Protein chains: 2
Amino acid sequence: MTTRRNKQPTIIDIAEVAGVSKSTVARALSGSPHIGEKTRERVLTAVRALGYERNHLAHSLRSGKTGLIGLVIPDIANPFWAEVARGAQDAAAASGASLLIFSSDWDPEREAHHLRALRQARVDGAIVNPVADNVDGLGRFGLPVVLIGSSAERFPELSSVGSDIAQGVALGLDHLASLDHHRPALLVGSANRLARVRFMRVVHDYCIGHDIDPATLVIEEGSYTVESGRAAMLRLLERDPKAARCVFAANDLMALGALLAVREAGLRCPNDVSILGFDGIPAAAFSDPGLTTIEKPARAIGVEGMHLLAETIEGKLEHRRVLLDCALTSRGSLAHNSDLGPTRLMAVGSN
Amino acid sequence: MTTRRNKQPTIIDIAEVAGVSKSTVARALSGSPHIGEKTRERVLTAVRALGYERNHLAHSLRSGKTGLIGLVIPDIANPFWAEVARGAQDAAAASGASLLIFSSDWDPEREAHHLRALRQARVDGAIVNPVADNVDGLGRFGLPVVLIGSSAERFPELSSVGSDIAQGVALGLDHLASLDHHRPALLVGSANRLARVRFMRVVHDYCIGHDIDPATLVIEEGSYTVESGRAAMLRLLERDPKAARCVFAANDLMALGALLAVREAGLRCPNDVSILGFDGIPAAAFSDPGLTTIEKPARAIGVEGMHLLAETIEGKLEHRRVLLDCALTSRGSLAHNSDLGPTRLMAVGSN
DNA sequence: GTGAAAGCGCTAACAG
DNA sequence: CTGTTAGCGCTTTCAC
């Protein structure tokens, strides 16, 4: 086959064809007002004729702006982060930027490596979910950054966007209360996880604000997986069947596990036990019953992250922390508690 | 003596500090053998001292290689494509390349737009899942491309990697046969979708090879969504309860929908009806029972795509079509058919 | 309005 | 081995 390997045309080529200088071409291409209408037409015609496309590299090198944005997340294959990426992607595309996506795999070393790569690629800025206590890596980044996810609170000097866990938890607890479940059992992560601490702090505050003694709450521990949720639910069922009437899980995977356990125990959801999840993963829609859950605004986080970053890059913004609302997605895993008495008794008794 | 400390250091800065010329610095940095051990040390020391990091843009502009790879997929938020991206990501990282990921949203226009953006970014090559009959767009791309996904067969002149649908379908049908289900009902997409045609062709060939009259197969149509799968299953149950003993869905979402329908109809899976899916989406693990499915090698497709592309870029490879094997993931949705007779009768009768 | 010229930071001949 | 000299393709003064 005949392979025409002509190099791509440059502004010099089109300058020649249009019979002008390359600076004139540059002006025409950048929409400068200091150029004659007729000249511009001639240049544009040549551009079309040669199929010219601007070399981004040269443009970036000279102008100092690459139109590249870095996105560092734990795992692109994780539905939540994929949604975040999708949002960032959309927002980036809308502003003509391209996204360089990297997975840190929760590894501080990889994160540092990626940050370095982004700096070398001369990205205009980056959106990152800081993985571990990589304060140094981020502090030295030297480029506009916006943090996403909840670990952002460890870097108070950087702009960030995340979901409003407090609002989400309150939303869930309020909704449960409206179904007459006032003391749901809690399925949370292991004590050393920051997420667990944060979740519990919010629950604690809510209880204080609603005249509930936090000490009366029944808590089971899992590790954010389906299997751990299943095991935790089984334990709960054995330990305190009455408290198990209603369960609020700190993430959907554990909630789904709890659902499995309920069925295994010969009980039914929501008739025997109500389950509320937290996250809003797609799989929650396919269980039976569908899992009612507090949905984090994943895509919006990506979109808003890009907006914050854009403002940061333009210097319009000194610092901001954006918290996006979670929303309740009702499916079938919650029922009204028609038998409140025993639950109350249990809560008091287990004190 | 103009020392600009506010900007990132360049090789000129480090040349000054090390007391050599910038070409020597470049040589030291690129690990050239034509340089003295002592000089190299001196340069490297200066590099560390100034915290120098090579400017990728300038490097790329000069060398003609950007180390950028484009990935164009329909949707990064779709679990399957997210996995593909993850694989490509890993392979790219391993070879020091960065990925520019774009979502085409199944829109030929957006795809064309992204292809243009990639060309302008001077990526070294691209991996794309061609969306529509965008033959022109791809033909004119002018850069090394590797196609992924099954629509690749429309571009026989380009290298591609995809899952071996024929092998996957045969795997499923064989497995069902081993459970004594010889004529599963088929839940497929709508007739105008390429995927449906491909799926059915493979089933057809399999039947011919196994002395089964394809015309005796019971087929229901959906549109690759949970809801459509549910509706299709309900129809099937009403139309031909006996054929509904075993269902092979063309994708997991429809299979999950079928599962819902079975339960709604007061039947149980797998005891009353066995269901086999196709895809291997994560959600298939959380249903009850877990969905047994034919899993496409999503991540491997990404990895292999990157490898193929690398070879294509290096010119080592003229053309190749790689088909990766699907695998059976057994969960609980399949049971042995202990009552073969009626099924056979039904198949013949419905002819 | 338009052109000439000077780089952005780096690589790659070609001399010494 | 090392320095000198050209650029890669584009933007951007600064003259005219």
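The values are calculated or read from the model by the stated rules, or taken from the named source; none is laboratory data. Values in this document were obtained by computation on a predicted structure and should not be read as measured data. Here the Cβ positions follow ideal geometry from the backbone for every residue, glycine too, while neighbour counts run over all protein chains shown. Just so you know, the surface numbers come from the protein's heavy atoms only, side chains and all, with ligands and any DNA or RNA stripped out. Shrake-Rupley method; radii C 1.70, N 1.55, O 1.52, S 1.80 Å.
Take the conditions more than 16 Å from DNA strand D (Cβ to nearest atom), among the hydrophobic types (A, V, I, L, M, F, W, C) and crowded, with 23+ Cβ neighbours inside 10 Å and apply them to A:I14. Does it pass?
Numbers: more than 16 Å from DNA strand D (Cβ to nearest atom): no; among the hydrophobic types (A, V, I, L, M, F, W, C): yes; crowded, with 23+ Cβ neighbours inside 10 Å: yes.
So A:I14 does not fit the description; no.
Looking only at helices (runs of 4 or more DSSP H) that lie completely in the range A:157-258, which have at least 2 residues being in contact with a Gly (Cβ under 7 Å, 6 or more places away or on another chain)? Give the steps one after another, and end with the answer.
Details: elements: A:165-178, A:194-209, A:226-239.
Because the criterion is at least 2 residues that are in contact with a Gly (Cβ under 7 Å, 6 or more places away or on another chain), the helices (runs of 4 or more DSSP H) in the range A:157-258 that meet it are A:194-209, A:226-239.
Between a first residue in the range A:7-36 that is within 14 Å of chain B (Cβ to nearest Cβ) and without any contact (Cβ under 8 Å) to a residue 40 or more places away in the chain and a second residue that is in a loop (DSSP other than H, G, I, E, B) and within 8 Å of DNA strand D (Cβ to nearest atom), which pairs have beta carbons less than 8 Å apart while being 6 or more apart in sequence or on different chains?
If the second residue must be in a loop (DSSP other than H, G, I, E, B) and within 8 Å of DNA strand D (Cβ to nearest atom), the pairs left are A:L29/A:R54.
Looking at the range A:49-65, I want the residues that are within 7 Å of chain B (Cβ to nearest Cβ) and have a partner that is within 9 Å of DNA strand C (Cβ to nearest atom) and open to solvent by 60 Å² or more (accessible area, probe 1.4 Å) with Cβ atoms under 7 Å, at least 6 apart or on another chain. Which pairs are those?
From residues that are within 7 Å of chain B (Cβ to nearest Cβ), the pairs are A:L57/B:L61; A:A58/B:L61; A:L61/B:L61.
Restricting attention to the range A:66-82, and to residues there that are touching a Lys or Arg at 6+ places or on another chain (Cβ under 9 Å) and within 16 Å of DNA strand C (Cβ to nearest atom), which single residue is farthest from B:N55 (Cα to Cα)?
A:L68
So B:L143 ticks every box in (1) more than 30 Å from A:P9 (Cα to Cα); (2) of a type in the set (A, V, I, L, M); (3) assigned to a loop (DSSP other than H, G, I, E, B) but one. Which box is left unticked?
The single condition B:L143 does not satisfy is (1).
Just name the residue that is nearest to the chain's Cα centre (by Cα) out of those in the range B:166-207 that are modelled with pLDDT of 95 or more and exposed (fewer than 14 other Cβ atoms within 10 Å of the Cβ).
Among them, the one singled out is B:D174.
Could you tell me which of the residues A:A112, A:A92, A:A97 is more than 9 Å from chain B (Cβ to nearest Cβ), under 30 Å from A:I281 (Cβ atoms), surrounded by fewer than 21 Cβ atoms within 10 Å (Cβ to Cβ) and not acidic (D, E)?
Numbers: A:A92 fails: surrounded by fewer than 21 Cβ atoms within 10 Å (Cβ to Cβ); A:A97 fails: surrounded by fewer than 21 Cβ atoms within 10 Å (Cβ to Cβ).
Being more than 9 Å from chain B (Cβ to nearest Cβ), under 30 Å from A:I281 (Cβ atoms), surrounded by fewer than 21 Cβ atoms within 10 Å (Cβ to Cβ) and not acidic (D, E) holds for just one of A:A112, A:A92, A:A97, which is A:A112.
In the range B:212-260, how many are more than 14 Å from chain A (Cβ to nearest Cβ) and not aromatic (F, W, Y)?
Qualifying residue count, the range B:212-260: 29.
On the basis of being open to solvent by less than 10 Å² (accessible area, probe 1.4 Å) and within 24 Å of A:F80 (Cα to Cα), does A:L158 make the cut?
Working: open to solvent by less than 10 Å² (accessible area, probe 1.4 Å): no; within 24 Å of A:F80 (Cα to Cα): yes.
Considered against the rule, which asks whether it is open to solvent by less than 10 Å² (accessible area, probe 1.4 Å) and within 24 Å of A:F80 (Cα to Cα), A:L158 comes out as no.
Would you check which residues across the range B:22-32 are within 7 Å of DNA strand D (Cβ to nearest atom) and farther than 13 Å from B:A46 by Cβ and list them? Steps first, answer last, please.
Step one: filter the range B:22-32 for residues within 7 Å of DNA strand D (Cβ to nearest atom), giving B:22-24, B:27.
Result: B:S23, B:R27.
Of the conditions (1) in a loop (DSSP other than H, G, I, E, B); (2) of a type outside the set (V, I, T); (3) touching a helix residue (DSSP H, G or I) at 6+ places or on another chain (Cβ under 6 Å); (4) within 12 Å of DNA strand D (Cβ to nearest atom), A:A77 fails just one. Which one is it?
(4)
Testing A:D107 on (1) within 11 Å of chain B (Cβ to nearest Cβ); (2) open to solvent by 20 Å² or more (accessible area, probe 1.4 Å); (3) more than 25 Å from B:D105 (Cβ to Cβ); (4) not small (G, A, S), one condition comes back false. Which one is that?
All conditions pass for A:D107, except number (1).
Based on what the data block shows, is A:E83 open to solvent by less than 60 Å² (accessible area, probe 1.4 Å), out of contact with any Gly (no Cβ under 9 Å at 6 or more places or on another chain), within 14 Å of another protein chain (Cβ to nearest Cβ) and among the acidic types (D, E)?
Working: open to solvent by less than 60 Å² (accessible area, probe 1.4 Å): yes; out of contact with any Gly (no Cβ under 9 Å at 6 or more places or on another chain): no; within 14 Å of another protein chain (Cβ to nearest Cβ): yes; among the acidic types (D, E): yes.
Against the criterion (open to solvent by less than 60 Å² (accessible area, probe 1.4 Å), out of contact with any Gly (no Cβ under 9 Å at 6 or more places or on another chain), within 14 Å of another protein chain (Cβ to nearest Cβ) and among the acidic types (D, E)), A:E83 does not qualify.
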